Amino acid sequence: MKSLSRPPGYSAATEALLVSTPRQRLTVNPETTWFTADTHLGHANILHLCDRPFQSVEKMDAAIRLNLTVIPAGHTLIHLGDVAWRRSRSILIPDHRKIRRILVRGNHDLQIESVPGWDAVVDYLEVSLSSRAAPPVVLSHYPFEEWNGFHRGAIHLHGHTHNKLPPIITPKGGRVDVGVDAWDFRPLRLNNVYERLDSLRTNTAAAH
């Protein structure tokens, strides 16, 4: 059997780096876990690209940071990517807030793990709920057409699309953009997701 050709400079050590983040799982309390995405702190062009209702990037940053202060101490914020335009702006809430911060990395979050303040940085995350037996909540910066547990009622939360991609509704679950452009620049909890999906189901049923 002919061996596979390797590119110049290939080494086994280099190949080992190609898969650096395993599939991550975490059990959370849905009452104390918050989600957001696509804050794009410090990104002036996002005001025009996404028609954000702020007169300046400084006012946008201040509004997003203020909205995040609703998260009580001891709770968890899971940010689904694209935190900031510059790494120096990448901490969302002052450290004295004492919340746990987890980042599901987006395309603008290069080397963000070097910014202090994140408790974990992953590329993908599956969340189990401590309060009930249910399929996983699948978290990614990028939206999927199907996801783990798609046919069993699992929820898929994502960012990246800035409220320009419609949600997917399944009989018991669905896909929802949790980015700030879709939620009035505020973080949300899973009950907000369930309420939105239930409303969409009701409206869809009424239309038929």
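Tabulated values for the structure
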read-out	value
Peptides 47-53, 78-84, 192-198 ordered by average Cβ neighbours within 10 Å, highest first	78-84, 192-198, 47-53
Computed log₁₀ I(q)/I(0) - Debye formula, equal Cα scatterers, no solvent, the range 22-207, q 0.08, 0.15, 0.20 Å⁻¹	-0.24, -0.85, -1.49
Nearest-20 debye value, the range 22-207 charge dipole, Cβ charges on Lys, Arg, Asp, Glu	340 debye
Burial ranking of peptide ranges 30-40, 61-71, 118-128 (average Cβ count within 10 Å, highest at the top)	30-40, 118-128, 61-71
Local electrostatic count, Val180, Cβ distance below 9 Å [Lys/Arg +1, Asp/Glu -1]	-1
Amide H within-cut-off set for Asp109, under 5 Å, with H built and near neighbours excluded	Asp82
For Leu200, Leu165, order by how many other beta-carbon atoms lie within 10 Å, fewest first	Leu165, Leu200
Part-to-part distance (alpha-carbon centres) for the range 56-78 and the range 134-208, which is given in Å	22 Å
Hits among aspartates and glutamates - C-alpha to C-alpha of Lys59 under 20 Å, sequence gap 8 or more where chains match	Asp38, Asp51, Asp82, Asp181, Asp184
nm² value of the averaged projected area, convex hull over the Cα atoms of the range 96-162	6.0 nm²
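A short reminder: the numbers here are calculations on the coordinates, not readings from a lab. The structure presented is a predicted model; accordingly, all values stated were derived computationally and were not measured. A quick note on method: Cβ atoms are made from the backbone with ideal geometry, for glycine too, and the neighbour counts reach across all protein chains shown.
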